[in-house]
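Encoded as structure tokens, the structure appears first; notes follow it.
Each value in this text was obtained by applying a stated rule to the coordinates, not by laboratory testing. Predicted model, so just to flag it, every value in this text is computed and none were measured. So basically every Cβ, Gly included, is an ideal-geometry build from the backbone, and we count neighbours across all protein chains shown.
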Amino acid sequence: MFKKGTKLHSIFNNKCPKCHEGAFFVEKGFYKLKNLTKIHENCSRCNLKYMMEPSFFFGAMFVNYALTVAIGVATFVISKVILGLTVNQSLVSIIAALILFTPVGLKLARLIWINIFVSYDKKFDKKN
């Protein structure tokens, strides 16, 4: 499921969507806030230009919105239905989950967005 050549490999391993080898973000961790969304200009392996056009990652906002809604709904279901918390306690847990998820969501949204438009190139299956 996460093997090289799949979109999930690129998304969850911070890899270039074309060759699945070069790093996408400068910082690997999610909580180093100084360079949170800083990406390399080009892939170190295949030289893919990550910022294909000005404001390319504007669309990643919509992906981030969808991820945020999914986390909010999942947190509500877990806190209200499964744990039996009150509505106010559920609201606090949703806010806490969204604050903790924000850096992860920002990075995942950009990786998902570029993977929508760039496909894996099978010529990188063989090590050169």
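Tallying residues that are among the aliphatic types (A, V, I, L, M) and in contact with a strand residue (DSSP E or B) (Cβ under 6 Å, 6 or more places away or on another chain) within segment 7-46 yields 1. Among the residues making up segment 2-25, those that are in contact (Cβ under 8 Å) with a residue 24 or more places away in the chain and not hydrophobic (A, V, I, L, M, F, W, C) are K4, G5, T6, K7, S10, N14, P17, K18, H20, E21, G22.
I78 meets the conditions (1) under 17 Å from the mean Cα position of the chain (by Cα); (2) part of a helix (DSSP H, G or I); (3) surrounded by 11 or more Cβ atoms within 10 Å (Cβ to Cβ); (4) hydrophobic (A, V, I, L, M, F, W, C) in every case but one. The failed one is (1). In the set (1) closer than 26 Å to V63 by Cα; (2) part of a helix (DSSP H, G or I), N88 fails one condition alone, (1).
Against the test of being surrounded by fewer than 16 Cβ atoms within 10 Å (Cβ to Cβ) and either among the polar types (S, T, N, Q) or in contact with a Ser or Thr (Cβ under 6 Å, 6 or more places away or on another chain) (or both), the options N64, N14, N115, N47 yield a single qualifying residue, N47.
Within segment 26-74, the set of residues being part of a loop (DSSP other than H, G, I, E, B), of a type outside the set (K, R), under 26 Å from S119 (Cβ atoms) and touching a residue at least 12 places away in the same chain (Cβ under 8 Å) comprises V26, F30, T37, H40, C43, S44, C46, L48, Y50, M51, M52.
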